[in-house]
Amino acid sequence: MDAQAAEEAAHGGATSLPNPMHQFEIKRLIPLELFGFDTSFTNSALFMVIAATLITLFTIYAMWGGKLVPTRLQSVAEISYEFIANMVRDNVGTSGMQYFPFIFTLFMFVLALNMLGMMPYSFTVTSHIIVTFALAAFIFLAVTAIGFWKHGIGFLKFFVPAGVPAVMLPLLVVIEVISYLTRPLSLSVRLFANMMAGHTMLKVFGAFVVALGLLGGWAPLAFMVGFTGLEILVAFLQAYVFAILTCIYLNDALHMHH
Amino acid sequence: MAGAKDGRNKGARDDEHFRQRLDELGERIGKARGASPEVTPVDAESRGRALGQALRLATELVVGVGVGGVIGWGLDRALGTAPLFLVVFLILGSAAGILNVMRTAASMQVKGPLPGKDLGPDDDDD
């Protein structure tokens, strides 16, 4: 298929609706190849850079001068700090506060990516499972490493449920290990599925508005207004869930109880 | 002397006046509260949270089966025992998925006495 035909298919001809999956397409902005790997700077990478830059500028600018009575922007920064600090303290305990910088960065990054995705014509990085899986896999490996580092080989006891007859143990340990291995996948699938499903829905209903025109387009338009609000809530909620589950996994590794 | 007494009287009068105004304000606030219908801002939020919980439970179950299947498939490929391990690990994966769902549901439970019970879900009654 040549490029023009693809473009036409993506935006739909006069008869067909636009392709709702077109928004998830990865485009190479600066083609690049390192050691035989395709390391092009893509639109996905661009939005990650934008998110990281925005968070950095926001936190630095908001806390510039750091007044005792905070300005509006400063109190936003302070609220997000306290929100995550309380989350870590409640779920991991005070011993978990040394991991606070990571959790805070993680939450702000996912939140910024989700919220940037809500802007028209932008790209939602978290709607790609490879991105969310890379984040979740890193968390999983790091948390497991912390568990072994804190408890040594005794961390393996985490997979042995208490108060179970010895006959059942081999079976239950295997089930516990599988249950542990599902963590990175369920963490990444949840974020990716929520973001992709929501954005696909928005695009589909957006296409309905255009297709039904001035006469019938108002009903899907009204739905879209409400659904956009819900999507913003989901964008926040999923960033929150991602961070809080990281806290829970960290707590398991540090204190070893389910 | 007279001036000081006057001042005290004046202060008392101001106090009374102030209290009267405060009462009036309280009445007006009460009226305004009564006039506007009771709004529940938690509704949309709780609905969003419920949706999130439902999706979370669903993914836990599906992912458990998926991970079990992938492990079984990998073992079969490595050992050439197809489809023995695939079947075994699909079942174990389902068990792990259900275990995950139960743990997740338990963590979602409201920390308080269940209806018809005097103990919270985490308490033991023996």
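The values are calculated or read from the model by the stated rules, or taken from the named source; none is laboratory data. Remember, predicted model here, so these are calculated numbers, not experimental data. Here Cβ is always computed from backbone atoms with ideal geometry, including for glycine, and neighbour counts include all displayed protein chains.
Key figures
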| quantity | calculated |
| --- | --- |
| Number of positions in the stretch A:161-193 that are more than 10 Å from chain B (Cβ to nearest Cβ), of a type in the set (A, V, I, L, M) and without any contact (Cβ under 8 Å) to a residue 12 or more places away in the chain | 6 |
| Complete set of residues in the stretch A:103-120 that are more than 19 Å from A:Val76 (Cβ to Cβ) and either within 13 Å of the chain's Cα centre (by Cα) or at pLDDT 95 or above (or both) | A:Gly117 |
| Residues (free of Cβ contacts under 8 Å to residues at least 40 places away in the same chain and within 18 Å of the chain's Cα centre (by Cα)) located in the stretch A:194-228 | A:Ala197, A:Gly198 |
| Residue match in the stretch B:55-74 (condition: modelled with pLDDT of 90 or more, within 13 Å of another protein chain (Cβ to nearest Cβ) and farther than 27 Å from A:Leu245 by Cβ) | no |
| Selection within the stretch A:210-258 - away from chain B (no Cβ under 14 Å), part of a helix (DSSP H, G or I) and closer than 30 Å to A:Asp90 by Cβ | A:Thr246, A:Leu250, A:Ala253, A:Leu254, A:His255 |
| Conditions (1) touching a His at 6+ places or on another chain (Cβ under 8 Å); (2) loosely packed, with under 15 Cβ neighbours inside 10 Å; (3) of a type outside the set (Asp, Glu): number failed by A:Gly117 | (2) |
| Selection within the stretch A:158-170 - in a helix (DSSP H, G or I) and loosely packed, with under 11 Cβ neighbours inside 10 Å | A:Pro170 |
| Selected residue (only one of B:Leu79, B:Leu99, B:Leu119 is in contact with a helix residue (DSSP H, G or I) (Cβ under 6 Å, 6 or more places away or on another chain) and either at pLDDT 90 or above or closer than 29 Å to A:Ile244 by Cα (or both)) | B:Leu99 |
